[in-house]
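See below for the structure under consideration.
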Amino acid sequence: MPNASVELVANIWPIMDRHTGIIQRFAARAYAMRAGDDELVATVLRGLARTDFHTAKQYPVPERVQMLRRGSKMCGATLPAGFNDYAAQIVDAALEDMADSCPDVVGFSMEGGVPEGVSLGLRFSMDPYLAVTHLVEFEDGSLVLGLDLQ
């Protein structure tokens, strides 16, 4: 398979309300990168994290994620520490959505004498590389990079 060493990695941006500190949604964006060089992947994702959240798709925190707030249970909400601790479980449906949105055919092979579509079959690994960069949302809706709480 051509480009077999390419896999999906992602930038994840939890969006925290400035006043409450609660995260109810996050932005996510996938990238296809060569597997194996974690330092290079980290450098690239950190660089892209500073601006790519503006064009990333946003997802709600799943309802199964719950927290207590003033004695009441809030579904689909967490605090930054909870997001960091359970990021893989919180973003699993988003990762699947992003993988499913990758193009099926990325090239054509003429090896058999007839054009045949070639698919990378891009997926996230079982232990995907995720770079988490927190955002703070202000009253006017603006999003600002927060502390990297990884």
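Bear in mind that the values in this text are calculations on the coordinates, not laboratory data. Small disclaimer: the values here were computed from a predicted structure and weren't measured. Quick reminder, even Gly has a Cβ in these numbers, built from the backbone with ideal geometry, and neighbours come from all protein chains shown.
A few remarks follow.
- Ellipsoid equivalent to the chain - semi-axes via the Cα gyration tensor, in Å: 34, 16, 13
- Pairwise label distance in nanometres, residue 109 with residue 55, each label 7 Å out on the Cα-Cβ vector: 3.1 nm
- Sorting 63-73, 127-137 by their mean Cβ neighbour count within 10 Å, with the most densely packed peptide first, gives 127-137, 63-73.
- Local charge for residue 16 was computed over the other residues whose Cβ lies under 12 Å away, with Lys and Arg +1 and Asp and Glu -1, and equals 0.
- When shorter helices are ignored and each DSSP H run of at least 4 residues is given -39500 (n - 2.57), the per-residue value for the chain at 222 nm works out to -5500 deg cm²/dmol.
- Amide H contacts under 5 Å for residue 6: 35, restricted to partners 5 or more places along the chain or on a different chain, H placed in the peptide plane at 1.01 Å from N.
- Positive-end ranking of 55, 136, 114 along the dipole of the chain, with charges on Cβ about the Cα centre, is headed by 136.
- C-alpha long axis of helix 38-49 to longest principal axis of the chain, angle in °: 60 degrees
- FRET efficiency, 1/(1 + (r/R0)^6) with R0 41 Å, evaluated for residue 19 and residue 97 via beta carbons: 0.90
- In a reduced charge model with +1 at each Lys and Arg Cβ and -1 at each Asp and Glu Cβ, the chain shows a dipole moment near 600 debye about its Cα centre.
- In this calculation the C-beta distance from residue 89 to residue 116 is compared with R0 = 41 Å, giving a FRET efficiency of 0.60.
- Coarse-grained scattering of region 62-150 at q = 0.14, 0.17 Å⁻¹, given as base-10 log I(q)/I(0) from a Debye sum over alpha-carbon atoms: -0.72, -0.91
- Virtual spin-label span in nm between residue 136 and residue 72, 7 Å along Cα→Cβ: 2.6 nm
- When the Gaussian network model of the chain links Cα atoms closer than 10 Å, the mean-square fluctuations of 98, 110, 16 top out at 110.
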